[in-house]
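Some notes on the structure that comes next.
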């Protein structure tokens, strides 16, 4: 980390470790990727009596401007409660909830070996053959099975996350609020989509833990094995079909599907077979539209951040999102 931030990190670590000797904190360059948080890998060495200790850690810090406004305290508490659960989530270690120690709200987690390849299913950097890529795609379904099968009440997640009476209505309200707050100009297409969503929302059903952003870009691969699922900042309690809609929405086809070998129907069928749930196709369409409505809200947040000088990244796919959303809703009229 740069200059004063590195010194702050050393103080932060020393405060957490207590009375140890020989403390060394070595930070690496900021990790690439990560659209909503700054990601900084670092190592810590210290002496605990006669024992030499070393930890490989990862700092997730709020940027000045982001595409998502989420709470590190909530993310930390969710991950802390998942630590002993049968879910491939990262281990969290420390928290600076208000940024008083590290400059901006941050959490520290264990750093894992592995490759992060956003487009592994279409070949990506890994260059896996098609059968191997189908196997990885199948493991992505296993992640959803683990998450949606979790006993969230026993894990205490209802003490951290709101339990919605109507997950679909809650999702529309949340992202409509983001769009209203972040838009720099009127959004008539998104107003039309919001109306469609409210007219087509499915009836409340089962409540599960929902990750909210399952994708190859949020996993680490150990060879061809999915090792850990990252980026839990949008985790919430809701309808499990929301995650299924997210991974089958058309604008993210490159990330989740393999033409001719692993199509949306294959993914949904695998999910149904492994969970025993039947995915209502009308509800799935709703959540696919909601997925792109959510992406539009995220994009508008990024646009505002850029225009206000808090981010240097230019977001330019709002037109494409609008086209997809209109096509999805018109198909139902």
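The values are calculated or read from the model by the stated rules, or taken from the named source; none is laboratory data. Predicted model, so just to flag it, every value in this text is computed and none were measured. Glycine gets a Cβ as well: all are built from the backbone with ideal geometry, and neighbour counts include every protein chain shown.
Going residue by residue through the range 71-84, is there one that turns out to be on the phi < 0 side of the Ramachandran plot, at pLDDT below 90 and either surrounded by fewer than 20 Cβ atoms within 10 Å (Cβ to Cβ) or assigned to a loop (DSSP other than H, G, I, E, B) (or both)? Among the residues of the range 71-84, at least one is on the phi < 0 side of the Ramachandran plot, at pLDDT below 90 and either surrounded by fewer than 20 Cβ atoms within 10 Å (Cβ to Cβ) or assigned to a loop (DSSP other than H, G, I, E, B) (or both), which makes the answer yes. Residues of the range 125-148 that are in contact with a strand residue (DSSP E or B) (Cβ under 8 Å, 6 or more places away or on another chain), surrounded by 14 or more Cβ atoms within 10 Å (Cβ to Cβ) and either assigned to a loop (DSSP other than H, G, I, E, B) or not assigned by TED's automatic domain parsing to the domain that holds residue 218 (or both): 126 alone. Strands (runs of 3 or more DSSP E) fully within the range 187-229 that include at least 3 residues being in contact with a helix residue (DSSP H, G or I) (Cβ under 8 Å, 6 or more places away or on another chain): 208-210, 225-229.
Count of the range 94-114 residues, restricted to those that are buried (at least 16 other Cβ atoms within 10 Å of the Cβ), in a strand (DSSP E or B) and either in the same structural domain as residue 210 (by TED's automatic domain parsing) or touching a residue at least 40 places away in the same chain (Cβ under 8 Å) (or both), is 6. For the range 34-41, state whether one or more residues are closer than 16 Å to residue 98 by Cα, surrounded by 15 or more Cβ atoms within 10 Å (Cβ to Cβ) and modelled with pLDDT of 75 or more. Checking the range 34-41: at least one residue is closer than 16 Å to residue 98 by Cα, surrounded by 15 or more Cβ atoms within 10 Å (Cβ to Cβ) and modelled with pLDDT of 75 or more. Restricting attention to the range 206-225, the residues being over 11 Å from the mean Cα position of the chain (by Cα), within 18 Å of residue 90 (Cβ to Cβ) and surrounded by fewer than 22 Cβ atoms within 10 Å (Cβ to Cβ) number 4. Among the residues that make up the range 245-260, is at least one of them buried (at least 20 other Cβ atoms within 10 Å of the Cβ), modelled with pLDDT of 95 or more and within 27 Å of residue 159 (Cα to Cα)? Taking every residue of the range 245-260 in turn, at least one turns out to be buried (at least 20 other Cβ atoms within 10 Å of the Cβ), modelled with pLDDT of 95 or more and within 27 Å of residue 159 (Cα to Cα).
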